[in-house]
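Participant: I'd like to ask some things about the structure below.
The values are calculated or read from the model by the stated rules, or taken from the named source; none is laboratory data. Here the structure is a predicted model, which means the values were calculated and not measured. Ideal geometry is used to build each Cβ from the backbone, glycine not excepted, and the neighbour counts take in all protein chains shown. Quick note on the areas: whole protein, heavy atoms, side chains included, nothing else; ligands and nucleic acids left out. Shrake-Rupley method; radii C 1.70, N 1.55, O 1.52, S 1.80 Å.
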Amino acid sequence: MAVAAVAASVLTLAPAIPAGAQPELSTEDLTRWVNPYVGTKKGTGTGLTHPGAVVPFGMVSWGPDTVTAQPGGYAYDDNRLRGFSLTHLSGAGCTIYQDIPFLPFAGDVTTSPATDAARYQATFDRANEEATPGYYGVRLDSGIGVRLSATQRSGAGRLSFPADKPATLLVNTAGSVNGVTDASIDIGTNTISGSATSGSFCGYPHSYKVYFHATFDSPFRTVGTWKDGAVAAGKSSATGQRSGGYVTFEPGRTVNVQVGLSFVSADGARDNMAAEAGGCSFEDVAERAEAAWNDRLNRIKVRGGTDTQRTTFYTALYHSMVHPNVFSDADGRYPGFDNEIHDAGPGHAVYTNISGWDIYRSEFPLLSMIAPDEASDMVRSMIAFAEQSGSWDRWTIANAHTGVMNGDPYHVLVASAHAFGAKDFDAAEALRLMVRGATEPTQGYEERPGLTGYQEHGYVPNGAPGVWGSAATTLEYTTADFAIADLARRLGDTATATRFSERSQYWQNLFNPATGYLQPRNADGSFRQPFEPVSGEGWVEGNGVQYSWMVPQNPRGLIDAMGGNAEANRRLDSFFTELNAGPERPYAWLGNEPIMLTPWLYDYSGAPYKTQQVVRRAMTQLFSPKPDGLAGNDDLGQMSSWYVWAALGMYPVTPGRAELTVNGPSFSEVAISRPSGETVRIKAYGS
């Protein structure tokens, strides 16, 4: 890893030290520093995280869904629950998943939960709730105790029912947060299985089908189902858009349940459960989940810092490894983008829930450094999806394109993984598909809207059909092209490297010397008028002042175009008057992705001490170890990964390269352990 600039504080980035050249680092209990509630408080710029039981990159995320709607599924200030669903997307700005909610209920089912949802809600006191990595527990006001844990593809639950009330469990197969187009449930003597078909992430017309199989250690006393407004006592199966089922147990009983999940079949769900949790007690599963998190968190060991800094840091590291998620079954099978069943291959897994537009900026470089095996499989997954569908996605949910956000971000993910050492994939095939996607219009799902104009004019013209934010899209394409160029360079393809290096500088075509800003441009070559720097026209979740800094592949060139170091520093000083101003003011909006790199631009403009000042301000003002401790959507870990890098004292400004632009670390010493046995040590003398 090269260091692109040196900050004012003394920081030593030691070269990787081979294992055996130093004592092995002991494993610490670092889960005690994680607060899963960080980012769950509802409000403007909230993190939208979820505190349920999940293991690193797990398919199953079993936890509470509040009645108050929040995309992550959980609003901290609400003490009403509609269930405990098996899947969650943590930190996204749109709703999805929250499939198959289970709800223990201390009463009889006399009306349909599909039409009388208010009756079938649970309440709790915050003092009776607990969440730690891999575990969630709560004592409901009804007296029912709920304890949940997880493996990658299964969940373990323990339900404790009071002796003086009916012991009922509702399984709402049609309870996915965006509704379902179909659902089914089949109840046996001590098993429940079924499926749900849902989708529509951010309103995009995509869908997925998820299957489950649950086995209980106690037989059911009675069973029943519901559909629409009708309840059918004694019936053991139901299908439909508003269907589900319920079972009862002996009052006072503690019931253990294991549930498997699969996107292939109900048998796959059962087999996943058997493979990962078969024969295990609830305690076994919970202990393994905690150990899995400790293994991951110990990849980065820190010394020094305050308790607040440690909790914020390890919570951020935790959130950085919740997504992307395993999508293939334990036997390797998964549904592809062509809706056919494929095999991940021996020793590999397929991953989904890849928020490319968000995580290419800092999360994926982090994962590629500390979890290269998983990052490699994530790239393998993206390549497979591109082969199956004919184009790269931007924001994958399950096994379908969503098209959410803009640009062509998966190209940066591939190049970053390769640069940071996650190389267990066919890089040559990836490059071939990347070049194809960047030069040839695709059928069906459009990988690069406005591609024809981009290649003809050197920018995406204002008003190009199907384009969200022509100028922002131009900058995203130049970033992706730079990543293609750098991967080609590392693979020895000089011609491709040269071609895409030239394209990566198309940002210059948006720079207007008359104003000193990047501006949307019309097809006839004129800049869009009137020019209003704080206007969002031509941009995506931001304005012209904010986006004019988004040239991560050539900060020096941008600074020179603006008039040199003094002018750039003057503008940066003004820009950081506010750190999280939102999209309508001429200041920084560090709670959103496009400008997360900007504090490090002082390193390129001759004022590195200002990088350190701004980064520390942002870390202190925008992050805390509290439920409102994220000043923007976490976006599947991107916001959190920004904090991890900042606390380490460095940031991957340049897309697709393993270059780290530095600031001052928050800790006196850091040891980053790679699975290969190498350790990177950072020491901040006098900090």
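Participant: As a test of the formula, what do you get for the chain when each DSSP H run with n ≥ 4 contributes -39,500 (n - 2.57) and the sum is divided by the residue count, at 222 nm and rounded to the nearest 500 deg cm²/dmol? Kindly include the intermediate steps, with their values, before the conclusion.
Facilitator: Working: 16 runs with 181 residues, N = 687.
Rounded to the nearest 500, the figure is -8000 deg cm²/dmol.
Participant: Ok, one more. Quick check: the angle from helix 266-277's long axis to the longest principal axis of the chain, C-alpha only, nearest 10 degrees?
Facilitator: 80 degrees
Participant: Next question. For helix 372-389, report the angle its Cα long axis makes with the longest principal axis of the Cα atoms of the chain; keep it between 0 and 90° and round to the nearest 10°.
Facilitator: The answer is roughly 90 degrees.
Participant: Using the Cα centre of the chain as origin and beta-carbon charges of +1 (Lys, Arg) and -1 (Asp, Glu), tell me which of M382, A419, G563 is placed farthest towards the positive end of the dipole.
Facilitator: Farthest along the dipole direction, towards plus: G563.
Participant: Please work out the C-alpha center-to-center distance from the range 482-555 to the range 88-141 and express it in whole Å.
Facilitator: Comparing the Cα centres of the range 482-555 and the range 88-141, I get a distance of 46 Å.
Participant: Taking a ≥ b ≥ c as the square roots of the eigenvalues of the Cα gyration tensor of the range 299-411, is the shape rounded (a/c under 1.5), prolate (a/b larger than b/c) or oblate? Don't jump to the answer; show the numbers that get you there.
Facilitator: Working: a/c = 2.74, a/b = 1.77, b/c = 1.55.
Since a/c reaches 1.5 and a/b is larger than b/c, the shape of the range 299-411 is classed as prolate.
Participant: Compute the signed sum of charges (Lys and Arg +1, Asp and Glu -1) over the other residues within less than 14 Å, Cβ to Cβ, of I96.
Facilitator: Numbers: positive: K209; negative: D65, D99, D635.
Net local charge, I96 excluded: -2.
Participant: Determine the sum of side-chain charges near D628: Lys and Arg each +1, Asp and Glu each -1, restricted to other residues whose C-beta is under 12 angstrom from that of D628.
Facilitator: Working: positive: K41, K42, K626; negative: D77.
Within the 12 Å Cβ shell, the charges total +2.
Participant: Then there is this: With everything on Cα atoms, drop me the angle between helix 410-419 and the longest principal axis of the chain, reported from 0 to 90° to the nearest 10.
Facilitator: Between the helix axis and the principal axis of the chain, the angle is about 80 degrees.
Participant: A follow-up question, please. Once you order the gyration tensor axes a ≥ b ≥ c over the Cα atoms, which shape class does the range 611-655 get: rounded for a/c under 1.5, otherwise prolate or oblate by comparing a/b with b/c? Walk me through the numbers before you get to the answer.
Facilitator: Values: a/c = 2.22, a/b = 1.23, b/c = 1.80.
Oblate is the answer for the range 611-655, as a/c is 1.5 or above yet b/c matches or exceeds a/b.
Participant: Sticking with this one: Spelling out what I want: for every residue of the range 26-40, take phi, set θ = phi - 60°, compute 6.51 cos²θ - 1.76 cosθ + 1.60 (Karplus), and round to whole Hz; glycine and proline get x.
Facilitator: Along the range 26-40, the couplings run 6, 7, 9, 7, 8, 5, 5, 8, 9, 10, x, 7, 4, x, 9 Hz.
Participant: Can I ask one more? Taking only protein heavy atoms into account and a 1.4 Å probe, give the accessible area per residue of the range 394-439 in Å².
Facilitator: On the way: 970 Å² over 46 residues.
That works out to 21 Å² for each residue.
Participant: Could you tell me how far the Cα centroid of the range 449-478 sits from the Cα centroid of the range 286-340, in Å?
Facilitator: Using only Cα atoms, the two centres lie 36 Å from each other.
Participant: Taking every pair of alpha-carbon atoms in the range 347-419, what share in percent sits in each 5 Å bin, from 0 to the bin with the longest distance?
Facilitator: 3, 19, 30, 28, 15, 4, 0
Participant: May I pose another question? Can you compute the charge dipole magnitude of the chain about its Cα centre, using +1 on each Lys and Arg Cβ and -1 on each Asp and Glu Cβ, nothing else charged? Give it in debye, rounded to the nearest 20.
Facilitator: On the way: 51 positive and 70 negative charges, 225 e Å.
Here the chain has a charge dipole of around 1080 debye.
Participant: Now for a different question. K165: which aspartates and glutamates have alpha carbons under 18 Å from its alpha carbon, excluding same-chain residues fewer than 8 sequence positions away?
Facilitator: D108, D141, E250
Participant: What list of ³J(HN,Hα) couplings, whole Hz, do you get for the range 449-458 from phi and the Karplus terms 6.51, -1.76, 1.60, once you set θ to phi - 60° and write x for glycine and proline?
Facilitator: For the range 449-458, the Karplus curve yields x, x, 4, 4, x, 4, 6, 7, 9, x Hz.
Participant: Return the label of the correct value of Cα extents along the principal axes in Å, as calculated from the structure shown, out of (1) 77, 56, 46; (2) 116, 91, 80; (3) 97, 63, 45.
Facilitator: Step by step, Cα extents along the principal axes in Å for this structure corresponds to label (1).
Participant: Taking Cα pairs under 8 Å and at least six residues apart, what relative contact order does the range 200-244 come out at, in percent? Each step should come with its number before you reach the end.
Facilitator: On the way: 39 pairs, mean separation 11.7, N = 45.
Relative CO of the range 200-244 lands at 26 percent.
Participant: HN-Hα J couplings of the range 154-164 from phi, Karplus 6.51/-1.76/1.60, θ = phi - 60°, integer Hz, Gly and Pro as x?
Facilitator: With coefficients 6.51, -1.76 and 1.60, one gets 8, x, 10, x, 10, 10, 10, 9, x, 7, 9 Hz.
Participant: Same structure again: Given charges of +1 on the Cβ of Lys and Arg and -1 on the Cβ of Asp and Glu, with all other atoms neutral, how large is the dipole of the range 426-546 about its Cα centre, in debye to the nearest 20?
Facilitator: Its charge dipole is roughly 240 debye.
Participant: Roughly how much of T239 is accessible, in Å² to the nearest 10, using a 1.4 Å probe?
Facilitator: 80 Å²
Participant: Leaving out ligands, DNA and RNA, what percent of the accessible area of the chain is carbon and sulfur, probe 1.4 Å?
Facilitator: On the way: 10790 of 22800 Å².
It is 47 percent, rounded to a whole number.
Participant: Under the rule of at least 5 residues apart or a separate chain, name every residue whose amide H is placed under 5 Å from the amide H of A238.
Facilitator: I185
Participant: Can you pick out the pairs among K209/K423; K301/K626; K301/K423; K42/K610 whose Cα atoms lie more than 27 Å from each other? Walk me through the numbers before you get to the answer.
Facilitator: Values: K209/K423 31 Å; K301/K626 22 Å; K301/K423 24 Å; K42/K610 33 Å.
Those over the limit are K209/K423; K42/K610.
Participant: For the pair T191 and E456, how long in nm is the line joining their label points, each one 7 Å along Cα→Cβ?
Facilitator: 6.0 nm
Participant: Assuming 0.36 nm per residue, please report the length gained on full extension of the stretch R303 to S526 beyond their Cα-Cα distance. Mind dumping the intermediate values first?
Facilitator: On the way: separation 223, 0.36 × 223 = 80.28 nm, distance 5.49 nm.
Stretched fully, the R303-S526 segment lengthens by 74.8 nm.
Participant: Here's something else I'd like to know. What percent does the relative contact order of the range 92-233 come to when contacts are Cα pairs within less than 8 Å and at least six residues apart?
Facilitator: Details: 257 pairs, mean separation 37.8, N = 142.
The value is 27 percent.
Participant: Hey, for a label at Q505 modelled as a point 7 Å past Cα toward Cβ, could you say which residues of the range 447-487 have their backbone N under 20 Å away?
Facilitator: 454-460, 474-487, by backbone N distance to the label point.
Participant: With a cut-off of 8 Å between alpha carbons and a minimum separation of six or more residues, what is the relative contact order of the chain in percent?
Facilitator: Details: 1788 pairs, mean separation 112.5, N = 687.
Relative contact order of the chain: 16 percent.
Participant: Under 5 Å between amide hydrogens, which residues at least 5 positions from V264 or on another chain qualify, with H placed 1.01 Å from N in the peptide plane?
Facilitator: Residues meeting the criterion, in which the H sits 1.01 Å from N, are Y211.
Participant: Related question: Using a ≥ b ≥ c from the Cα gyration tensor of the range 604-687 (square roots of the eigenvalues), is it rounded, prolate or oblate, where a/c under 1.5 gives rounded and otherwise the larger of a/b and b/c decides, a/b for prolate? Write out the running numbers ahead of the final one.
Facilitator: Numbers: a/c = 1.39, a/b = 1.17, b/c = 1.19.
Rounded shape, in that the Cα axes give a/c under 1.5.
Participant: For Q621 paired with R432, estimate the spin-label separation in nm (one decimal), with each label point 7 Å from Cα along the Cα-to-Cβ line.
Facilitator: 5.1 nm
Participant: Per residue, how much accessible surface does the range 227-364 expose to a 1.4 Å probe? Answer in Å², no decimals.
Facilitator: I get 35 Å² per residue for this part.
Participant: Kindly sort R288, R380, R674 by accessible area of their heavy atoms, largest first, with the probe set to 1.4 Å.
Facilitator: Reading off the accessible areas and sorting them downward yields R288, R380, R674.
Participant: In addition: Can you find, among G450, V435, L487, the residue farthest towards the positive end of the dipole of the range 406-559? Put +1 on the C-beta of Lys and Arg, -1 on that of Asp and Glu.
Facilitator: My answer, from the dipole projection, is L487.
Participant: Can you pull the accessible area of W642 for me, 1.4 Å probe, Å² to the nearest 10?
Facilitator: Ignoring ligands and nucleic acids, W642 comes out at about 10 Å².
Participant: Could you order the peptides 485-497, 406-418 from most to least packed, using the average number of other C-beta atoms within 10 Å per residue?
Facilitator: On the way: 485-497: 18.0, 406-418: 29.4.
Final packing ranking: 406-418, 485-497.
Participant: Averaged per residue, what accessible area in Å² does the range 512-581 show with a 1.4 Å probe, protein chains only?
Facilitator: Details: 2750 Å² over 70 residues.
Accessible area per residue, the range 512-581: 39 Å².
Participant: Please give, to one decimal in nm, the separation of the simple spin-label points placed at S574 and D343, each 7 Å out from Cα toward the Cβ.
Facilitator: A separation of 6.2 nm, rounded to one decimal place.
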